[in-house]
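The values are calculated or read from the model by the stated rules, or taken from the named source; none is laboratory data. If you're wondering where the values come from, they're calculated on a predicted model, not measured in any experiment. Methodologically, a virtual Cβ is constructed for each residue, glycine included, from the backbone with ideal geometry; neighbour enumeration extends over all protein chains shown.
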Amino acid sequence: MRTLILSLSALATLLVAAPATALDVYINGTKATGLKNVDLVNCQVRFDGDGNLHIISPGYTIQTDKDGVPRLGGESDLVGVKDTLAGKLKMRYVLVYRPNPKVNYQFDVSVNNKPFKKIGLDQGPFTVEVTQDLRPGANTIKVVGKPGDAPPAGNETDVATLQIFRGEEKDGRFVAKPPAVWEFARAAIDRTALDRAYSVVAE
């Protein structure tokens, strides 16, 4: 694997020069906008759907001083970088959505800061593989939900769920190993918008 050296000062210059709104920089999922005069090695670089820059390089950490200035700590873990870039998992993972007609919500699901699935108000049940967007170890699953009109006669037992199951392929089909490694539920009586992030460990 080639070693990639990034100068954040040079990246910052490019981002400032770009038109439209100001963009943010994240290192291993932690906001690092404003970090200056540091070099990172062995990195994966990605721009998300909003144009924000994400740098993945296990071993580095970001700490924010009392004055609000981010500081870089740690050092690159080359082995961790190879695992992250390879994205090889022992298990396969699927996302399962079970709607309920009395739970009128739309959801946007992202995986590791990357948009994954939009679920509309009229979306039926589905199962979709998410293995390709996961990496070994901790992953961030984010759910943004917006309620539609409140259905009549809905109560706390009327629930829609999102679940992630792990499993293996046997005889050409996916066989899940319960229980779910992650579950999110929304009831008919829940009428507020939400924006939540969760950590899911994959192997």
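Some observations on this one:
- For the range 177-203, taking the residues that are β-branched (Val, Ile, Thr) and surrounded by fewer than 16 Cβ atoms within 10 Å (Cβ to Cβ), the one that is farthest from residue 136 (Cα to Cα) is identified as 189.
- Scanning the range 108-122 for any residue that is modelled with pLDDT under 85, within 21 Å of residue 197 (Cβ to Cβ) and of a type outside the set (Lys, Arg) turns up nothing.
- The set of residues in the range 30-58 being at pLDDT below 75 and on the phi > 0 side of the Ramachandran plot consists of 42 alone.
- Inside the range 54-78, residues that are over 15 Å from residue 42 (Cα atoms) and among the β-branched types (Val, Ile, Thr) make up a count of 3.
- Residues within the range 93-102 that are in a loop (DSSP other than H, G, I, E, B) and either in contact with a Lys or Arg (Cβ under 6 Å, 6 or more places away or on another chain) or surrounded by 14 or more Cβ atoms within 10 Å (Cβ to Cβ) (or both), tallied: 3
- The lone criterion from (1) of a type in the set (A, V, I, L, M, F, W, C); (2) within 16 Å of residue 94 (Cα to Cα); (3) buried (at least 17 other Cβ atoms within 10 Å of the Cβ) left unmet by residue 174 is number (3).
Here is a yes/no grid of residues against (1) within 30 Å of residue 27 (Cβ to Cβ); (2) assigned by TED's automatic domain parsing to the domain that holds residue 53; (3) among the aromatic types (Phe, Trp, Tyr):
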site	(1), (2), (3)
107	yes, no, yes
134	yes, no, no
140	yes, no, no
166	yes, no, no
174	no, no, yes
179	no, no, no
